[in-house]
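Peer 1: I have a structure I would like to understand better, so I am pasting it below and will then ask my questions one at a time.
The values are calculated or read from the model by the stated rules, or taken from the named source; none is laboratory data. Computed from a prediction, not measured in an experiment: that's the story for all the values here. Glycine also receives a Cβ, built like all others from the backbone with ideal geometry; neighbour counts cover every protein chain displayed. Side chains included, ligands, DNA and RNA excluded: accessible areas come from the protein's heavy atoms. Shrake-Rupley method; radii C 1.70, N 1.55, O 1.52, S 1.80 Å.
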Amino acid sequence: MAWAGSTRRARLPKDWARTRRRILRRDNHACQTRFSDGRMCGAPANQVDHVVPGDDHGDANLQALCQWCHTHKSSSEGGTAAALTRVRTDRPKPTHPALED
């Protein structure tokens, strides 16, 4: 798992195993991801995801996901977060040599 170097596990509630089982049962062990065309993934779910990333562990913010969808969603969120902290440096646009004086 990608827990190495992360503080995420320590921030989960003590009864996370029970919460995880409850959410998987609630969602019938089916992945809840909706694709862009509106279809639901529906693959066998074995992971529980926070709909809105953070420390809200309420049932309304949790959903069952298959491993592929969870990995895809997490990497997308990580890329978005990294882009927000990236410093953009624009280079001056070169002029064509024929247009220089």
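Peer 1: Looking at (1) open to solvent by 70 Å² or more (accessible area, probe 1.4 Å); (2) assigned to a helix (DSSP H, G or I); (3) touching a residue at least 24 places away in the same chain (Cβ under 8 Å), find the lone condition where Pro53 falls short.
Peer 2: The single condition Pro53 does not satisfy is (2).
Peer 1: Of the residues in segment 6-17, how many are open to solvent by 90 Å² or more (accessible area, probe 1.4 Å) and assigned to a loop (DSSP other than H, G, I, E, B)?
Peer 2: 1
Peer 1: Count, please, the residues in segment 58-101 that happen to be among the β-branched types (Val, Ile, Thr) and in a loop (DSSP other than H, G, I, E, B).
Peer 2: Initial filter on segment 58-101 (among the β-branched types (Val, Ile, Thr)): 71, 80, 85, 87, 89, 95.
Narrowing further to those that are in a loop (DSSP other than H, G, I, E, B): 87, 89, 95.
Counting residues in segment 58-101 that are among the β-branched types (Val, Ile, Thr) and in a loop (DSSP other than H, G, I, E, B) gives 3.
Peer 1: Residues to consider are Arg34, Arg39, Arg26, Arg20; find the one that is basic (Lys, Arg), open to solvent by less than 90 Å² (accessible area, probe 1.4 Å) and under 18 Å from Cys69 (Cβ atoms). Outline the logic, then answer.
Peer 2: On the way: Arg34 fails: open to solvent by less than 90 Å² (accessible area, probe 1.4 Å); Arg39 fails: open to solvent by less than 90 Å² (accessible area, probe 1.4 Å); Arg26 fails: open to solvent by less than 90 Å² (accessible area, probe 1.4 Å).
Checking each option against the conditions leaves just Arg20.
Peer 1: Just wondering, is there one or more residues in segment 35-56 that are of a type in the set (Val, Ile, Thr), at pLDDT 95 or above and more than 16 Å from the chain's Cα centre (by Cα)?
Peer 2: Pass one, segment 35-56, residues of a type in the set (Val, Ile, Thr): 48, 51-52.
Subsequent filtering for residues that are at pLDDT 95 or above retains 48.
Adding the requirement that they be more than 16 Å from the chain's Cα centre (by Cα) leaves none.
No, segment 35-56 has no match at all.
Peer 1: Across segment 58-69, which residue is farthest from the chain's Cα centre (by Cα) among those that are open to solvent by 40 Å² or more (accessible area, probe 1.4 Å) and not charged (D, E, K, R)?
Peer 2: Ala60
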